[in-house]
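Only one structure is covered here, and it is reproduced in the block below.
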Amino acid sequence: MKRLIVLLVVLAGGLAAACFAVPSNAATVNGASISQDAFNSDLNAIASSDDYRCFLTAEEAVATGGETALPSIDGSGQSGDGSAHATVSTSFAAYYLDSEIGHQLVLQLAAERNLQVTSQDLTEARTELTDQITAVLSDVAGSQYACATGATAAEVLGSVPASLVDKTVRFDATANVLEEHAAGVGSTPADLERYFDNHAAEFDTACFTVAEYTSEADATAAAATVAAGTPFSTVAAQTEGGGPQGCDILYGVASSLPAGTDLESLPLNTVSSPIAVNGNYLLIEITKRTPTSFAEARTEVGSAVEAAGATKAGTIIDAAEKRATISVDRRYGEWIATQVLPPPSPPATDLLNPTVNGTTAATTPASGQSS
């Protein structure tokens, strides 16, 4: 999630700064360094990938319901040949450094608790990352956030260096292990199997029939038709989607639905109440439930435990952030009130060529000059 940038920082007396040593760290977190070279390399990788940039923008839109947008990535300066941007914006650099600081805190919290990330944890985290990208791209398809390239998850991940992907996967795996620990369950295979044994019914393999409607009234009318004696399979088959059927682990389906749906408690061969999902309304019937082995449900069990510990883990991370000793290279911003604030832009009147920064000089005198 980062890329090399030549940050266009215009400072008074900027040429004289070359006389001083250049800091090697973008930031430090409790004495641990976030290398400036590595940070800039990540920024460069992101800036150079249209697919990855699009995914990050779409991810932010999905996570916030379109209420907030990712900071603009492109800076204002141009490359020597006048073609592509040679900078990233200070706001995006600060945003990304803020996320890197958060990642470092999570890694430190896991180390303090002697939590180990296994090869299976990494494999599952890589699969989850791919699934997450696929889901985000699907959610924004046909919207203003849709990627023009029509990229797949594999293409998004393949558009940036493997080292960046590996680092993201390791962080995700570490965060998962921390959440499992915070849930009070533990993160070892034996811990997860013990949780599975105590909640086995949540991980049954269930077979479903689903009907989708564009309005709640249509879904309610269809449910009434079923209540009057028409088989749900017949009613669902009359919908545009044809009433798809399939089998999956119950927890995985239930956790994808809005909170309070309580699909796990739906009796067999009973149609649910209308469920609002992405502007449409679903009716769901479970036609069969069979026990699932721990080996088959391992990924879903981990997700359930992580969800149970997510709130507690968030509280732990927030507390760690507030007591942490954090410093940021001033070129990237300043650490204030648990976030990186980007450095202020100089007044356009202080620039010899304001158009380079996409600004126009005002008619007021430059600072330090009299009228």
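The values are calculated or read from the model by the stated rules, or taken from the named source; none is laboratory data. Everything numeric here is computed off the predicted structure, so don't read it as measured data. In this analysis, Cβ positions are derived from the backbone assuming ideal geometry, glycine residues included, and neighbour counts consider all displayed protein chains. Note: areas computed on protein heavy atoms with side chains; ligands, DNA, RNA excluded. Shrake-Rupley method; radii C 1.70, N 1.55, O 1.52, S 1.80 Å.
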Scanning for something open to solvent by 30 Å² or more (accessible area, probe 1.4 Å) and part of a loop (DSSP other than H, G, I, E, B), does segment 217-227 turn up at least one residue?
no
Only one of (1) in contact with a strand residue (DSSP E or B) (Cβ under 7 Å, 6 or more places away or on another chain); (2) at pLDDT 95 or above; (3) in a helix (DSSP H, G or I) is not met by ALA206, so which one is it?
(3)
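Determine, yes or no, whether GLU300 is open to solvent by less than 60 Å² (accessible area, probe 1.4 Å), on the phi < 0 side of the Ramachandran plot and in contact with a Gly (Cβ under 7 Å, 6 or more places away or on another chain).
Numbers: open to solvent by less than 60 Å² (accessible area, probe 1.4 Å): yes; on the phi < 0 side of the Ramachandran plot: yes; in contact with a Gly (Cβ under 7 Å, 6 or more places away or on another chain): yes.
In short, yes.
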Among the residues of segment 239-287, which ones are in a loop (DSSP other than H, G, I, E, B) and under 27 Å from the mean Cα position of the chain (by Cα)?
SER255, SER256, LEU257, PRO258, ALA259, GLY260, THR261, ASP262, ASN278, GLY279
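For segment 288-299, which residues satisfy the criterion of being assigned to a helix (DSSP H, G or I), modelled with pLDDT of 90 or more and either touching a Ser or Thr at 6+ places or on another chain (Cβ under 8 Å) or among the small types (Gly, Ala, Ser) (or both)? I'd like the intermediate steps shown before the answer.
Kept after step one, since they are assigned to a helix (DSSP H, G or I), are these residues of segment 288-299: 294-299.
Now narrow it down to the ones that are modelled with pLDDT of 90 or more: 294-298.
Within segment 288-299, ALA295, GLU296, ALA297 qualify.
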Go through the residues of segment 73-90 one by one and say whether even a single one is closer than 29 Å to GLY333 by Cα, touching a Pro at 6+ places or on another chain (Cβ under 8 Å) and either open to solvent by 10 Å² or more (accessible area, probe 1.4 Å) or among the charged types (D, E, K, R) (or both).
yes
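Count, please, the residues in segment 317-330 that happen to be out of contact with any Pro (no Cβ under 7 Å at 6 or more places or on another chain) and open to solvent by 50 Å² or more (accessible area, probe 1.4 Å). Lay out the reasoning, then the answer.
The first filter runs over segment 317-330 and keeps only residues out of contact with any Pro (no Cβ under 7 Å at 6 or more places or on another chain), leaving 317-328.
Filter once more, keeping what is open to solvent by 50 Å² or more (accessible area, probe 1.4 Å): 318, 322-323, 325, 327.
The number of residues fulfilling the criteria is 5.
Is it the case that VAL106 is touching a Lys or Arg at 6+ places or on another chain (Cβ under 9 Å), closer than 28 Å to ALA320 by Cβ and in contact (Cβ under 8 Å) with a residue 24 or more places away in the chain? Talk me through it step by step, then tell me what you get.
Details: touching a Lys or Arg at 6+ places or on another chain (Cβ under 9 Å): no; closer than 28 Å to ALA320 by Cβ: yes; in contact (Cβ under 8 Å) with a residue 24 or more places away in the chain: yes.
Against the criterion (touching a Lys or Arg at 6+ places or on another chain (Cβ under 9 Å), closer than 28 Å to ALA320 by Cβ and in contact (Cβ under 8 Å) with a residue 24 or more places away in the chain), VAL106 does not qualify.
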Residue tally, condition exposed (fewer than 14 other Cβ atoms within 10 Å of the Cβ), modelled with pLDDT of 50 or more and either part of a helix (DSSP H, G or I) or in contact with a His (Cβ under 6 Å, 6 or more places away or on another chain) (or both), over segment 1-49
1
Which members of segment 228-248 meet the condition of being touching a strand residue (DSSP E or B) at 6+ places or on another chain (Cβ under 6 Å) and either surrounded by 14 or more Cβ atoms within 10 Å (Cβ to Cβ) or in contact (Cβ under 8 Å) with a residue 60 or more places away in the chain (or both)?
PHE232, SER233, ALA236, THR239, GLY243, GLN245, CYS247
Any residue in segment 183-195 that is hydroxyl-bearing (Ser, Thr, Tyr), at pLDDT 95 or above and in a loop (DSSP other than H, G, I, E, B)?
no
